[in-house]
Amino acid sequence: QVQLVESGGGLVQPGGSLRLSCAASGSIFSINAMGWYRQAPGKQRELVAAITSGGSTNYADSVKGRFTISRDNAKNTVYLQMNSLKPEDTAVYYCNALGWGGSSWAPQGSWGQGTQVTVSS
């Protein structure tokens, strides 16, 4: 089973930047779509960015223009560059493999521990 380890979170001031990393084990990384989710306290986990095996991306409206997802198949790693951070971006961020459910992406693997992002002055 693929193991996913997220890292790179921390405390940042509004307007700041962070780069999250997700290291995946297993050879399926290069053929899976991958995504970053986040879960804020008291809210449901939401998909914020997705990238296909071919490199096509899409984003939630709330992060479009500020977040960039990328992947390095040789390193089995997917990244999330987060710029112009806002307090409402505060959440635990998770990565996962994605499968297309007909109308939307759905998580396919087990969840890792996530990485905490806190945006506060």
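The range 50-116 and the range 1-21 have their alpha-carbon centroids 11 Å apart. Using alpha carbons only, the radius of gyration of the chain set against its Kirkwood radius gives Rg/Rh = 0.94. Accessible surface for the chain, divided over its residues, is 52 Å² per residue with a 1.4 Å probe. Rolling a 1.4 Å probe over the protein heavy atoms of the chain, with every protein chain left in place, gives an accessible area that is 47 percent carbon and sulfur. Set against the 2.2 N^0.38 Å expectation for a compact globular protein, the range 32-101 has a Cα radius of gyration ratio of 1.08. The ellipsoid equivalent to the alpha-carbon distribution of the range 1-54 has semi-axes of 24, 14, 12 angstrom, derived from the gyration tensor eigenvalues as √(5λ) and listed largest first.
Net charge dipole, the range 1-97: roughly 60 debye, given to the nearest 20, about the Cα centre with Cβ charges of +1 for Lys and Arg and -1 for Asp and Glu. For the chain, the relative contact order comes to 35 percent (Cα pairs under 8 Å, sequence separation of at least 6).
Residues Glu6, Glu46, Glu88 ordered from highest to lowest accessible area at a 1.4 Å probe: Glu88, Glu46, Glu6.
The values are calculated or read from the model by the stated rules, or taken from the named source; none is laboratory data. Since we're looking at a predicted model, the values are computed, not measured. Ideal geometry is used to build each Cβ from the backbone, glycine not excepted, and the neighbour counts take in all protein chains shown. Each accessible area value is taken on the protein alone, full model and side chains, heavy atoms only, with ligands, DNA and RNA left out. Shrake-Rupley method; radii C 1.70, N 1.55, O 1.52, S 1.80 Å.
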